Amino acid sequence: MGNTYKIAILAGDAIGPEIMAQAIRVFDILAKHRDLAFELIDAPFGAGAYFEYGKAFPEQTKAICDDADAILKGPVGLSHEESKKIPVEEQPERGAILPLRARYNTFANFRPIFLSKDMAHFSPLKPEIIKEGIDILLIRELVGGLYFGEKEQGVNEAGLRYVKEVLEYDEDQIRQVLEVGFEQARQRKKVLHNIHKSNVLMSSVFWNEVLDEVSQDYPDVEVKHLLVDAAATALCLNPGQFDVMVMENMFGDILSDQGGGILGSLGLMPSACIGPDKAYYEPSHGSAPDIAGMNIANPYSMIGSVAMMLDMSFGLKAESEAVWLAMKSVFETGYSTSDLSSGESDTKIVSTIEFADLVMDELAKLIAAT
Ligand code: IPM
Ligand code: MN
């Protein structure tokens, strides 16, 4: 018997369970055609977990995740009204996602922004801007910076309510994510875009100082510096100039959503959150409560997160590649999900399950053939 991989499945809220149900079909196909086994263990996480167990990240889920080889997480969160029934500290963002990231120190967040030339009709950008397609790897620092700094709120000496939120990094935190950026750049086009705001923020001046040191070890990688605001514009006007980008947590949150924007939907944004000992995988988008249960959510980012896990946690590169190819070929043959407006009259809009059916058929063929 070959390897058995133990995977914690945190399906999450709203559309989470329906896209998760489709994504995990990939494991069945691989187990059928390869000498591999996948043990999937469901665990409650998010708003649903709070209502059932009083905690958004319950103890039993922590134990399951601790014990797993990798974690697959769906989107969490409920509508604004439903969220108000949950105390602030247990709302899924603060009560579940950030603690998950902190627990496994998943400091490097890989967010591929990818659109093949034949999927270019999904993008709001003009074909002459997209040219041969979009292929960017955005690396976001995920466990420090503005998200994780000290927070304080109160009344100041003038009697005014105030808030304070700190952006803090030590040099090791910056170095480790920059090294990931340089390593990726080295394996790709040997160009690293460093995104910062050093004209205003001391934290960026320091970040760049550390970058200069780290870059000594990567003489083969060319560093290009760009201010984060300018990068937002450049992503729209000339995405082809980017290959690997690296940046602070909050900058990465914002620019990665812009990445989804230039692709045409956040539904096309899977991600990997990598720590020293453990990694978890999740779509970059939210739980879309408005379309939950309607079988119309795009499962691409959830299935893509499985593809990233196969490669990055299990070293199953060919299998990962097959998942990407299968999804690409479904979109390229003229299918679309309802989040993707294509402007092309011959696109056929398919449901969550129909899309996954097409992908799994294609995947089974690809896997059986190799
Ligand atoms: C993301 C999300 C999260 C973040 C939220 C849900 C806490 O927007 O993964 O980009 O801000 O990091
Ligand atoms: Mn975000």
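The values are calculated or read from the model by the stated rules, or taken from the named source; none is laboratory data. Everything numeric here is computed off the predicted structure, so don't read it as measured data. Here the Cβ is made from the backbone with ideal geometry for all residues, glycine too, and neighbour counts use every protein chain on show. Quick note on the areas: whole protein, heavy atoms, side chains included, nothing else; ligands and nucleic acids left out. Shrake-Rupley method; radii C 1.70, N 1.55, O 1.52, S 1.80 Å.
Cα gyration tensor of the stretch 125-265, axes a ≥ b ≥ c as square roots of the eigenvalues: rounded (a/c below 1.5), prolate (a/b > b/c) or oblate?
It comes out oblate by the Cα gyration axes.
Residue separation times 0.36 nm, minus the C-alpha to C-alpha distance between residue 94 and residue 187: what's the value?
30.0 nm
Just read off the accessible area of residue 333 with the full protein assembly in place, 1.4 Å probe, to the nearest 10 Å².
Accessible surface of residue 333 is approximately 100 Å².
Considering only the other residues whose Cβ falls under 12 Å of the Cβ of residue 352, what net charge follows from Lys and Arg at +1 and Asp and Glu at -1?
Neighbourhood net charge equals -3.
Please arrange 147, 104, 280 by accessible surface area, largest first, computed with a 1.4 Å probe and ligands excluded.
147, 104, 280
Per residue, how much accessible area does the chain have with a 1.4 Å probe, in Å²?
Averaged over the residues of the chain, the accessible area is 44 Å².
Select from 184, 216, 258 the residue whose mean-square fluctuation is largest in a Gaussian network model of the chain (Cα-Cα springs shorter than 10 Å).
Result: 216 has the largest fluctuation of those listed.
What is the distance, in nm, between label points placed 7 Å from the Cα along the Cα-to-Cβ direction at residue 295 and at residue 341?
Once both label points are built, they end up 2.5 nm from each other.
Quick one: pull the percent of accessible area on the chain belonging to carbon and sulfur, 1.4 Å probe, ligands and nucleic acids left out.
That fraction is 52 percent.
Among bridges DSSP assigns within the chain, what percent are antiparallel (round to 5)?
Of all bridge pairs located within the chain, approximately 45 percent are antiparallel.
Among rounded, prolate and oblate, which fits the chain when a ≥ b ≥ c are the square roots of the eigenvalues of its C-alpha gyration tensor, a/c under 1.5 means rounded, and a/b larger than b/c means prolate?
Taking the square roots of the gyration eigenvalues as a ≥ b ≥ c, the chain is rounded.
Rounded to the nearest 0.05, what FRET efficiency do residue 227 and residue 151 give with R0 = 22 Å and r taken as the Cβ-Cβ distance? Could you check?
After rounding, the FRET efficiency stands at 0.25.
In whole angstrom, how far apart do the alpha carbon centroids of the stretch 8-68 and the stretch 69-92 sit?
Computed from Cα coordinates, the inter-centre distance equals 15 Å.
Where Lys and Arg each count +1 and Asp and Glu each count -1, what net charge lies around residue 218 among other residues with Cβ under 10 Å from its Cβ?
-3
If you stretched the chain out fully between residue 175 and residue 162, how much longer would it get, using 0.36 nm times the residue separation minus the C-alpha to C-alpha distance?
So the chain would gain 1.4 nm between residue 175 and residue 162.
Hey, what's the per residue convex hull volume over the C-alpha atoms of the stretch 1-159, in cubic angstrom?
Taking only Cα atoms, the stretch 1-159 has a hull volume of 203 Å³ per residue.
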